[in-house]
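Scroll down for the structure; my scribbles are underneath it.
The values are calculated or read from the model by the stated rules, or taken from the named source; none is laboratory data. Since this is a predicted model, take the numbers as computed values, not measurements. Counting neighbours? That spans all protein chains shown, and the Cβs are built from the backbone with ideal geometry, glycine included.
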């Protein structure tokens, strides 16, 4: 049993280390090797485009979103706008219809989903009405930069590029410790995505802003989300999903931990499947860097919930074996005590809050797993009000 404890301890410890430290460092080193590889752009590439906004009870932000998308820099004759309302019961549909009536010179449509089944289902249904060459997805509470459409289309420079993700820029970083922590996470993650896309392909996208060829659209199960499902799908098809961070969407992060925790629990509604969504990912010889990227950026992160539990339990059982195990166990206890301290004291210390935010993220993974195992995971949710 002692050997089993040691194997579980070191494997779990490696997963935690590689997900949070080892992989980001290795990616920086790999990126330096490919420093001459740059994102190619062709600004003459301006095909027909539909901007799809999925909304459920977004009366607080939908008018601002509509004004935002119709003022984007792109040839008017080549752009259409599609609002997919996921069974909205507030004034969202009324506002959209009024806006359409006031802008009859623009190609704006409202698609009303009759039964609420979540964002992915609304995208699946509304997509079937799209006739343009390309499809851009964006959230109702995200504000797109003026040239975001031009930038997204310019990145489709070869037939193997199937997906282009924009950059999510958090505009309320200084509003709270929670939004600061989320912004810090995004800054790190965006750097990784830029390198992954430059070398081969990113492992996950960003729901705030991304583009695909309409012909490449795939009807996913509504429990899934495009952010985590689309890039791996295309990678396994031998295509590329890349990031163009000159296409920017501005959005608020959750300003209180309750909103952010709820968002992370919902993000983890299919975490078990995403650990290894397809066995082919392990084929390093065929998928090359994508296999490496997915293991470090996704698989290890999606295993943090169980890795932390196993490393804690096995560490406790191994304490009699060596003072080193005692030292590591004390470190773990102090780490979790710091999170509890922040929870009850509401300290403003940046580093202590990062520890707390990390622990909340791990707890959210556990809640996601619990919801999956108990059949409570669902494809839709109530939005975080502090992000509106």
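Quick look at the numbers
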quantity	calculated
Helices (runs of 4 or more DSSP H) contained in the range 1-118 and holding at least 1 residues under 26 Å from residue 242 (Cα atoms)	2-17, 23-33, 62-69
Some residue of the range 6-26 being over 30 Å from residue 306 (Cβ atoms) and either surrounded by 15 or more Cβ atoms within 10 Å (Cβ to Cβ) or modelled with pLDDT of 95 or more (or both)	no
Lone unmet requirement of (1) part of a helix (DSSP H, G or I); (2) in contact with a strand residue (DSSP E or B) (Cβ under 6 Å, 6 or more places away or on another chain) for residue 306	(2)
Residue in the range 261-283 that is assigned to a strand (DSSP E or B) and either over 29 Å from residue 117 (Cα atoms) or in contact with a helix residue (DSSP H, G or I) (Cβ under 9 Å, 6 or more places away or on another chain) (or both) present	no
Restricting the range 44-83 to residues that are farther than 18 Å from residue 149 by Cβ and in contact with a strand residue (DSSP E or B) (Cβ under 8 Å, 6 or more places away or on another chain), the residue that is surrounded by the fewest Cβ atoms within 10 Å (Cβ to Cβ)	56
Hits in the range 316-351 - residues which are surrounded by fewer than 12 Cβ atoms within 10 Å (Cβ to Cβ) and not in a helix (DSSP H, G or I)	322, 346, 348
Residues that are surrounded by 22 or more Cβ atoms within 10 Å (Cβ to Cβ) and either over 21 Å from residue 46 (Cα atoms) or over 20 Å from the mean Cα position of the chain (by Cα) (or both), drawn from the range 121-139	121, 122, 123, 126, 134, 139
Residue match in the range 372-384 (condition: crowded, with 19+ Cβ neighbours inside 10 Å, more than 30 Å from residue 59 (Cα to Cα) and without any contact (Cβ under 8 Å) to a residue 60 or more places away in the chain)	no
Criterion violated by residue 204 - all others in (1) in contact (Cβ under 8 Å) with a residue 60 or more places away in the chain; (2) surrounded by fewer than 18 Cβ atoms within 10 Å (Cβ to Cβ); (3) in a loop (DSSP other than H, G, I, E, B) satisfied	(2)
Cross-chain or 6+ apart pairs with Cβ under 8 Å, the range 315-344 first and farther than 24 Å from residue 4 by Cβ, then loosely packed, with under 14 Cβ neighbours inside 10 Å	none
